[in-house]
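Everything on this sheet refers to the single structure shown next.
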Amino acid sequence: MKIHIKNGRVIDPMNARDEVADLFVAAGKIVGYGHAPADFHANRILDATGLVVCPGLVDLSVRLREPGFEYRATLESEMLAAAAGGVTSLACPPDTDPPLDEPGLVEMLKFRAKNLPGPRVYPIGALTQKLEGNMLTEMAELTWAGCRAFTQADAIPADSQVLLRAMEYASTFGFSLWLRPQDASLARGGVAHDGAVASRLGLPGIPALAETVALATILLLARETGARIHLARLSTRESIAMVRAAKAQGLAVTCDVASTHVHLSENDLISFDSHLHLVPPLRGLRDRDAIREALRDGSIDALCSDHTPVDEDVKQVPFGESAPGASGVELLLPLTLKWAREMGVPLLQAIDLISWKPAQILGVPGGNLTVGNCADICIFDETAEWVVTPKALASQGNNTPFLNQPMQGRVRYTLIDGHIDFEAPL
Amino acid sequence: MHASLPDVDPLIAQLAAAIAPTLTPDTVIVGIHTGGVWVAERLHAMLHCALPLGTLDISFYRDDFSRIGLHPQVKPSNLPFDLEGRDILLVDDVLHSGRTVRAAMNELFDYGRPASIRLAVLVDRGGHELPIRPDFTGLTLAVPAHQNINLSRLDDGHLTLSLA
Amino acid sequence: MNLQLTSDGRLRHLLTLDGLPRAILTQILDTAESFMDVGEREVKKVPLLRGKSIFNLFFEPSTRTRTTFEIAAKRLSADVVNLNIATSSQTKGEAILDTVDNLAAMHADMFVVRHGQSGAAHFIARHVAPHISVINAGDGRHAHPTQGLLDMFTIRRFKGEFHNLTVAIVGDVLHSRVARSQIHALTTLGVPEVRVIAPKTLIPTGVEQMGVKVYHDMEAGLAGCDVVIMLRLQSERMKGARLPSAQEYFKFFGLTKEKLAFAKPDAIVMHPGPMNRGVEIDSEVADGPQSVILPQVTYGIAVRMAVMALLAGGATA
């Protein structure tokens, strides 16, 4: 299909473009910028006047709930939700049931996703078998099956020797390790950030140390082995300082934060609302402010949604019994825009954090609007105001701390491979 | 309006005169907070009662609790005598619907089983909603439903009636 | 906090003492005073809550607290139903709201809730219909407001005023919902100096922000105290690597006659109970002249009557 995207404000961080221009799409690719290529007759003209046209978003953590958790959400529903959020490529974590520790499971997931409307799905493989933290998975075979990186999900292996060996093995092949810096023993029993608020509310705490101790281990091992490391979901200001220092010393490490942690803090827990039960926990105001600043100065490389849809049953319980996680792939864009507005950050820099930068971390094409590349495009209305209600969300997970809150910024069209996979109802 | 209301002291003296012949040495006087206690204190003195004065706070026995809740200042009820087989003279300032007196009687029966209860009121303003009538009345005065007649105590201890 | 109050500032639920205005705390204490007299009469009942149904929802077992709530409710002439709900990790969640809905359908007017999870009472209170009140009888480590109130009632009875007292809370503050409620009550009622005394492993992070001074030494912590509140030490604390043994704990943080001498000579000793004699408190002190532990128990009924009466009254206004 030939599509002419007309008169939009094109924001393309990789090519440092922020200007009103036309874009031309054909056969799944971007074939023209500014003026139409010869003999171009559009089948469809999208009037993007007053809208922003940017690369399709690349979300580094979206749980699709298959295999194993279909009662919470399905591949179909979550891929549509991602498309509704303007996401054209996503990485999904391996903490499914069974975990993605075998090539067959990875192939199955990729096959299912390929035949459904929605973003390109890049599975992140399990670092250890069954995610038990003991035996390595066949990383090379899993990469062959389509895994872009490997992770131990929510904590580092308790056995540091296993982590060391995993890094050595990965660096043999140049594979990436995405690690959540959490020491399971220090975090044990906790459900909220160990600070004045959790103390007041009587919620068992997860100290900042649970993150920084694990981070120190990761950084030291990474330096030793030369493994490529991406740190998933930082939450403390001490961690940010450690990563800054490591980067300054030349360590090739990247990191991301979840969009929830850019806006919320432990202070929001005052009502015991389970929708605020997140992993990592919402930390103190100073941590939140450090995150907001680090996104601006580039110490944090990318923003992701960490989309974790769950059924309401596991949230409609007292805080400590609830399952952690928030649904959020449809909020990644408005929450990023909100941060940019509040911090006075230009749109070009903000969009970079959710398109080009994560594309590079994931090591996949996309995240840019270069002529000749895939037409993965997000067209959104920066000014559109809406309220986050179950009806407004396409995801089966309504578990978001932003429920019933107003948002500004909504996707109008999402093109994946030159195909309009999402079009907002008028 | 004050001009048409009599002084309180002569009314109480009248009450005392009417009550005196019916008293026995074992009769106890019980006043209902707050106005009834003021009247009862004076009667107790005038009638030279040997037994101590009893006071009742009926807050816990009102029938409008669900609607208006607990009064912020609940004073303790004080009945420093055994009620069993006792003759009680119950005293209140204004008799209106009769519900206060009903609550007072319910409370008294939670303390024991009196031999008799007679009721003395300073003012009977009419508007009875229950089959309760006073045995001794200082003043009978029909007060319209939208108005209230109140007993107040001034700083010097003087009692006055007013309409509002 | 607004969850607990109606739009015109009356008490709708009692979930925590945190954020309740001083006037409401005082109102509860004053009302409890009047109920003390009721307890001394032969007929210990008043008809205030006749026709009302109070359901004791105890997800955590407790005989003492449940019994005092039951006595309090019956003295108000309410109907009481006791439910001890066995908990299993999988069914806990669905059970709570379903249970609550079913009971509400049976015309419950008030729920008294005890649960092992912090925030459980808030969770239930957010869910119930407008005419139903929830009393938190203890949720996890978070709050035990009626205990906090009866402790304040005790202090007021023996010390008269709050504005010139030094009060020390000794023991496992980290895990104690009673301590948290006491701290909120003491600071709201204007006690100028509130101290917590415990080893570092039993002090919550940032507890100073609740308005207390932290001590790790009994001699320094008890100096000049008017009120000493001892908290129970649960045996499980040894397992979390927070304490080596009850013996070592008693040596340094247990209340003996010698340690009590650091406080003022007329200081009173309190304990929310049940006591572990020889672990946090010596028998000589527990049974001694400065101990007010027994009276504390009797005040519990009057305080709970006051809370129930204040919650049930004017409900349909």
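When each of C:V173, C:V134, C:V128 is tested for being hydrophobic (A, V, I, L, M, F, W, C), farther than 21 Å from C:A23 by Cα, in contact with a strand residue (DSSP E or B) (Cβ under 9 Å, 6 or more places away or on another chain) and more than 10 Å from every other protein chain (Cβ to nearest Cβ), the lone residue that passes is C:V128. Scanning the range B:48-102 for residues that are closer than 26 Å to B:L139 by Cα, within 13 Å of chain C (Cβ to nearest Cβ) and assigned to a loop (DSSP other than H, G, I, E, B) returns B:D57, B:I58, B:R62. Exactly one residue among C:R66, C:R22, C:R41 is over 20 Å from C:T154 (Cβ atoms) and at pLDDT 90 or above, and that residue is C:R66. Has the range C:220-232 got at least one residue that is surrounded by 20 or more Cβ atoms within 10 Å (Cβ to Cβ), in a helix (DSSP H, G or I), within 14 Å of chain A (Cβ to nearest Cβ) and not basic (K, R)? No. Within the range C:262-280, if we keep just the residues that are modelled with pLDDT of 95 or more and among the hydrophobic types (A, V, I, L, M, F, W, C), the residue that is farthest from C:D151 (Cα to Cα) turns out to be C:F262. Considering C:L83, C:L103, the condition of being surrounded by fewer than 24 Cβ atoms within 10 Å (Cβ to Cβ), in a strand (DSSP E or B) and either within 12 Å of chain A (Cβ to nearest Cβ) or at pLDDT below 95 (or both) is satisfied by C:L83 alone. Considering only residues in the range B:98-147 that are of a type in the set (D, E) and closer than 25 Å to C:R41 by Cα, the one that is surrounded by the most Cβ atoms within 10 Å (Cβ to Cβ) turns out to be B:E107.
Residues in the range C:4-27 that are assigned to a helix (DSSP H, G or I) and free of Cβ contacts under 8 Å to residues at least 60 places away in the same chain: 2 in all. Of the listed requirements (1) at pLDDT below 95; (2) within 21 Å of C:V113 (Cβ to Cβ), C:A317 misses just one: (2). Does the range A:308-321 contain any residue that is under 26 Å from A:A81 (Cβ atoms), away from every other protein chain (no Cβ under 14 Å), in contact (Cβ under 8 Å) with a residue 24 or more places away in the chain and part of a loop (DSSP other than H, G, I, E, B)? Yes, the range A:308-321 has at least one match.
Of the candidates C:R66, C:R50, the single residue that is among the basic types (K, R), assigned by TED's automatic domain parsing to the domain that holds C:I301 and assigned to a helix (DSSP H, G or I) is C:R66.
Considering only residues in the range A:258-286 that are among the charged types (D, E, K, R) and more than 17 Å from A:E342 (Cβ to Cβ), the one that is surrounded by the fewest Cβ atoms within 10 Å (Cβ to Cβ) turns out to be A:D273.
Of the residues making up the range B:140-157, those that are closer than 25 Å to B:A13 by Cα, out of contact with any Lys or Arg (no Cβ under 9 Å at 6 or more places or on another chain) and in contact (Cβ under 8 Å) with a residue 12 or more places away in the chain are B:N150, B:L151, B:R153. Can A:S185 be described as touching a strand residue (DSSP E or B) at 6+ places or on another chain (Cβ under 8 Å), surrounded by fewer than 24 Cβ atoms within 10 Å (Cβ to Cβ) and assigned to a helix (DSSP H, G or I)? For A:S185, the condition - touching a strand residue (DSSP E or B) at 6+ places or on another chain (Cβ under 8 Å), surrounded by fewer than 24 Cβ atoms within 10 Å (Cβ to Cβ) and assigned to a helix (DSSP H, G or I) - is not met.
Of the set (1) within 18 Å of the chain's Cα centre (by Cα); (2) more than 14 Å from every other protein chain (Cβ to nearest Cβ); (3) among the β-branched types (V, I, T), all apply to A:V345 but (1).
Please indicate, with yes or no, whether at least one residue in the range B:26-33 is in a loop (DSSP other than H, G, I, E, B), away from chain C (no Cβ under 14 Å), over 20 Å from B:E84 (Cα atoms) and of a type in the set (S, T, Y). Within the range B:26-33, not a single residue is in a loop (DSSP other than H, G, I, E, B), away from chain C (no Cβ under 14 Å), over 20 Å from B:E84 (Cα atoms) and of a type in the set (S, T, Y). Residues of the range C:192-209 that are surrounded by 20 or more Cβ atoms within 10 Å (Cβ to Cβ) and touching a helix residue (DSSP H, G or I) at 6+ places or on another chain (Cβ under 6 Å): C:V194, C:R195, C:I197, C:P204, C:V207. Taking the conditions (1) within 14 Å of another protein chain (Cβ to nearest Cβ); (2) in contact with a His (Cβ under 6 Å, 6 or more places away or on another chain); (3) not hydroxyl-bearing (S, T, Y) in turn, C:I293 satisfies each one other than (1). Looking for whichever is acidic (D, E) and surrounded by fewer than 23 Cβ atoms within 10 Å (Cβ to Cβ) here; the options are A:D301, A:D306, A:D289. Which one fits? A:D289 is the lone residue from the list that is acidic (D, E) and surrounded by fewer than 23 Cβ atoms within 10 Å (Cβ to Cβ). When residues in the range B:10-35 are screened for being in contact with a strand residue (DSSP E or B) (Cβ under 7 Å, 6 or more places away or on another chain) and either in contact (Cβ under 8 Å) with a residue 60 or more places away in the chain or among the aromatic types (F, W, Y) (or both), 15 of them pass. Within the range A:306-324, the only residue that satisfies the criterion of being aliphatic (A, V, I, L, M) and over 23 Å from the mean Cα position of the chain (by Cα) is A:V317. Of all residue pairs spaced 6 or more apart or on separate chains, those with beta-carbon atoms under 7 Å, a first member in the range B:73-96 that is under 20 Å from B:V121 (Cα atoms) and a second member that is part of a loop (DSSP other than H, G, I, E, B) and among the β-branched types (V, I, T) are B:D87/B:T24; B:D87/B:T27; B:L89/B:T27. For the range A:270-307, the candidate set comprises residues that are within 14 Å of chain C (Cβ to nearest Cβ), in contact with a helix residue (DSSP H, G or I) (Cβ under 9 Å, 6 or more places away or on another chain) and part of a helix (DSSP H, G or I); within that set, the residue that is nearest to A:Q360 (Cα to Cα) is A:D287. Within the range A:221-228, does at least one residue satisfy the condition of being crowded, with 21+ Cβ neighbours inside 10 Å, modelled with pLDDT of 95 or more and either on the phi > 0 side of the Ramachandran plot or within 14 Å of another protein chain (Cβ to nearest Cβ) (or both)? No, the range A:221-228 contains no residue that is crowded, with 21+ Cβ neighbours inside 10 Å, modelled with pLDDT of 95 or more and either on the phi > 0 side of the Ramachandran plot or within 14 Å of another protein chain (Cβ to nearest Cβ) (or both).
The values are calculated or read from the model by the stated rules, or taken from the named source; none is laboratory data. What you see is a predicted model, and the numbers here were worked out from it, not measured in a lab. Glycine also receives a Cβ, built like all others from the backbone with ideal geometry; neighbour counts cover every protein chain displayed.
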